[in-house]
Each structure stands twice: as C-alpha cells, then as structure tokens.
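*Asks:* Input: one structure, supplied below.
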C-alpha cells in the first residue's frame with residue numbers, strides 16, 4: 001500500500017458501466033483517457049474496438065481441464081495488473097496506461113470463482129484438478145468474494161481511470177416491492193459492494209431522441225430503479241457515451257465555478 005503522501009489527489013477514478021448485452025459498453029471504452037488497456041473476459045471485444053488507436057487489447061479465457069494456476073484467466077489477469085503496477089507492462093513506446101478496463105466483470109468473476117475453488121481443492125489435499133466449480137459452503141463463498149475484492153482493490157491503487165463493464169439484472173426490493181437494476185454478478189454481496197466501491201456508476205441504455213431516433217446514452221444520476229452516480233460536475237441526467245467529452249465538460253464546469261467563486265469573494 002502506498003503512503004498517503006505519495007498519492008496524487010484526483011488521479012484515481014473507478015467507473016462501472018452497466019448495460020444489456022449489445023448495448024455498446026465495449027464500443028465506448030476507447031473514449032476513456034488513453035492509452036487504454038482492455039482485459040477482455042467476454043471473448044468478442046476485438047470486433048467492437050477494431051481500429052481504435054492507443055488501445056492495448058488482451059483476451060483472457062480459462063483452459064479446461066485446469067491443472068495449474070496459470071490455466072485460469074483470473075490468475076493471468078492478476079499477474080498483468082501486477083506488471084502494470086510495476087510498469088513492466090506498458091504500451092510498446094513505454095507509455096503507462098491511463099485507463100484499465102475489465103470487460104466484463106460478469107464473466108471475470110466466474111473465472112475468479114473457479115480459480116479460488118481450485119486453490120481450495122489443493123489446500124484440502126484434493127487432486128491437482130478442478131473437481132467442481134460450485135461453492136460447497138459459506139467458507140467457499142466468502143473466499144471467492146474476498147478474491148474478487150482483492151483484485152478490484154489492487155486495481156484501485158493504479159493511477160488513472162479503472163473501468164468495469166457489467167451486464168445487468170433486475171431484482172425486486174423486498175422492503176418496498178420496488179424493481180431495482182444492479183450488476184449481474186456472482187452471489188449476493190458483490191452486486192452491491194462493487195458499485196459502492198466505485199466513484200462513478202453509469203447505466204447504459206438505448207433511448208429515443210426528439211425525432212424518434214434510437215441513440216445510446218449513459219444515465220449518470222439516480223432514479224427510482226438504478227443508483228447511478230458520478231464525481232464529474234456539470235453532467236446532465238443522460239450523457240452521450242463519451243467519457244473524454246464528460247471530462248472536458250467537468251473541467252469547464254470547475255473552471256467556470258472557480259472563477260465565479262473568486263469574483264464573489
């Protein structure tokens with residue numbers, strides 16, 4: 001862990017983008033500050049970002065049957081995050097990555113689950129092979145949750161922007177019978193913990209404009225169904241899915257308001 005004095009204020013931002021399959025989550029990743037590193041757990045991201053400049057793309061997939069840690073995508077991904085932290089993995093010209101993306105957590109978490117259960121089997125003296133991929137008790141569930149949290153917290157130490165994409169699910173709130181939208185993730189804790197651990201939560205959807213044409217938007221403020229949030233100022237309820245444009249709008253808002261405050265003083 002770094003000393004507080006070594007952490008630069010405002011250099012870290014953690015974003016989660018939720019949306020249905022095919023809505024355009026992966027397509028928007030190159031709009032984040034460049035260079036961008038994309039860890040693709042879905043397996044089809046290259047089709048969406050082909051031709052994008054300053055983007056490093058890496059596909060992660062488990063190998064079956066698994067017989068060692070290196071067969072698991074989550075393990076390989078954690079190694080890559082360590083290399084990025086130590087600046088041993090950079091762009092070919094030596095530039096460090098400004099944005100790290102996991103696309104998507106909905107498929108990354110099951111790999112973390114299988115990797116954790118493989119470790120559990122070994123610790124319990126089972127054969128060096130993944131016997132089953134179903135948690136067998138609370139201890140298994142807790143260890144999987146902690147493995148995912150550990151990976152996310154490792155990424156949050158990186159300077160720059162960290163982005164998680166997630167498929168979504170709709171659940172009924174048991175207290176007020178209200179339908180809520182949240183990330184489609186393993187277990188009952190992670191769908192609530194990951195958004196709370198992020199500085200920005202965006203819900204990507206398709207809406208019709210005034211002319212009736214469909215367009216992609218990010219919902220950036222909460223409503224009755226989804227707990228969206230953003231640390232960027234000057235954003236509307238719905239924004240075009242362009243993070244760099246939102247950063248410019250934020251800078252303009254802060255500049256304008258700092259001038260206004262200076263004059264009022």
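*Asks:* Please specify each residue of region 177-189 satisfying the condition of being within 18 Å of residue 20 (Cα to Cα) and in contact with a strand residue (DSSP E or B) (Cβ under 8 Å, 6 or more places away or on another chain).
*Replies:* Selection gives 179, 180, 181, 182, 183, 184, 185.
*Asks:* Since residue 160 meets every condition but one in (1) at negative phi; (2) at pLDDT 85 or above, which condition does it not meet?
*Replies:* The failed condition is (1).
*Asks:* Right, another one. Please state which of the following conditions residue 45 fails to meet, knowing it meets all the rest: (1) touching a strand residue (DSSP E or B) at 6+ places or on another chain (Cβ under 6 Å); (2) more than 17 Å from residue 145 (Cα to Cα); (3) modelled with pLDDT of 90 or more.
*Replies:* That leaves (3) as the condition not met.
*Asks:* While we're here: Is there any pair linking a residue in region 31-56 that is within 17 Å of residue 243 (Cβ to Cβ) to one that is outside any strand (DSSP E or B) and modelled with pLDDT under 90, with Cβ under 7 Å and at least six apart or on different chains, and which?
*Replies:* As it stands, the answer is 38/45; 38/49; 55/49, since those pairs meet every condition given.
*Asks:* Out of all the residues in region 37-67, which are under 22 Å from residue 248 (Cα atoms) and either within 13 Å of the chain's Cα centre (by Cα) or part of a helix (DSSP H, G or I) (or both)?
*Replies:* Once the filter is applied, which keeps residues that are under 22 Å from residue 248 (Cα atoms) and either within 13 Å of the chain's Cα centre (by Cα) or part of a helix (DSSP H, G or I) (or both), region 37-67 yields only 37.
The values are calculated or read from the model by the stated rules, or taken from the named source; none is laboratory data. The structure displayed is predicted, hence computed values, not measured ones. Glycine gets a Cβ as well: all are built from the backbone with ideal geometry, and neighbour counts include every protein chain shown.
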